[in-house]
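Right, one structure below, let's go through it.
The values are calculated or read from the model by the stated rules, or taken from the named source; none is laboratory data. Here the structure is a predicted model, which means the values were calculated and not measured. In this analysis, Cβ positions are derived from the backbone assuming ideal geometry, glycine residues included, and neighbour counts consider all displayed protein chains.
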Amino acid sequence: MPLNRAGAAAWLAAWAQKAEANVDYLTDLDRQIGDADHGANLKRGLAAVTALDPDGFAGPADYLKKTGLTLVSTVGGASGLLYGTFFLRVAAAWPSQEGDAAGLGAAFKAGLDDIQKRGKAVLGDKTMVDALVPAFAAYDAATAAGQGIGPALAQAAAACAAGRDATVPLIARKGRASYLGERSAGHLDPGAASATYLVEAAASTLP
């Protein structure tokens, strides 16, 4: 799909589908180290997003901005704020030209930067940042080497999954999981899991 409203809508629909198919898994992950509501909350928020009509917006930036606002208002908790913030920043930096691989990377980077500012998380804190930082670094490396959006996103998805899996032995330093201290080790972070679905959805839908 191109980087227009239809492409953005396809990306979000694919993410929603992945989240809904794995809602029990995400909830179980969150039950182990959190509030046991990540799957249900994300499913609710993404249902509201997919109910939006992309044709009712002037362009992809407006549509993605509304997506961010919708996630903030419907998901709730830290994940709603972080994902909402991500899309608000991605919307503001969304490339205006089709096939602009570097521009798409800049939009992803803007979204990630705001997630880190909002959550005050860095690599190793056992959060979605541990999946997204390597994902977008892999994307940038691939596009810098001359690869197009599709191959670069495939590499980003693989790096995201590896980052997600690397959260298992970590001790959480942010969020409710941090209250568990060393007991948080041995569990996969639910935010890193849902972030991987986000990047995998992009890889399966964007050009």
Result of the Cβ filter at 7 Å on region 75-98, keeping first residues that are within 24 Å of residue 40 (Cβ to Cβ) and partners that are among the aromatic types (Phe, Trp, Tyr), at least 6 apart or interchain, is 75/83
Within region 20-46, of all residues that are more than 15 Å from residue 79 (Cα to Cα) and not charged (D, E, K, R), the one surrounded by the most Cβ atoms within 10 Å (Cβ to Cβ) is 22
Q) Quick one: would you say residue 90 is touching a Gly at 6+ places or on another chain (Cβ under 7 Å) and within 23 Å of residue 17 (Cβ to Cβ)? A) yes
Restricted to region 171-189 and to residues being basic (Lys, Arg) and in a helix (DSSP H, G or I), the residue modelled with the highest pLDDT is 183
- Would you confirm whether any residue within region 86-104 is surrounded by fewer than 19 Cβ atoms within 10 Å (Cβ to Cβ) and over 16 Å from residue 3 (Cα atoms)? no
Scanning region 161-202 for residues that are over 26 Å from residue 20 (Cα atoms) and of a type in the set (Ser, Thr, Tyr), the one surrounded by the most Cβ atoms within 10 Å (Cβ to Cβ) turns out to be 178
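Restricting region 141-153 to residues that are crowded, with 18+ Cβ neighbours inside 10 Å and touching a residue at least 24 places away in the same chain (Cβ under 8 Å), which is farthest from the chain's Cα centre (by Cα)? Steps first, please.
As a first pass, look at region 141-153 and keep what is crowded, with 18+ Cβ neighbours inside 10 Å: 142-143, 149, 152-153.
Filter again for touching a residue at least 24 places away in the same chain (Cβ under 8 Å), leaving 143, 149, 152-153.
Values: 143: 19, 149: 17, 152: 16, 153: 13 Å.
Selected residue: 143.
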Of the residues in region 28-51 that are assigned to a helix (DSSP H, G or I) and in contact (Cβ under 8 Å) with a residue 60 or more places away in the chain, the one that is nearest to residue 13 (Cα to Cα) is 42
Of those in region 52-74 that are touching a residue at least 24 places away in the same chain (Cβ under 8 Å) and within 14 Å of the chain's Cα centre (by Cα), the residue surrounded by the fewest Cβ atoms within 10 Å (Cβ to Cβ) is 71
Taking region 108-132 and keeping residues among the hydrophobic types (A, V, I, L, M, F, W, C), part of a helix (DSSP H, G or I) and surrounded by fewer than 20 Cβ atoms within 10 Å (Cβ to Cβ) leaves 110
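Would you confirm whether or not region 190-205 contains a residue that is at pLDDT 95 or above, outside any helix (DSSP H, G or I) and out of contact with any Ser or Thr (no Cβ under 6 Å at 6 or more places or on another chain)?
Narrowing region 190-205 to residues at pLDDT 95 or above: 190-205.
If we keep only those that are outside any helix (DSSP H, G or I) as well, we get none.
No.
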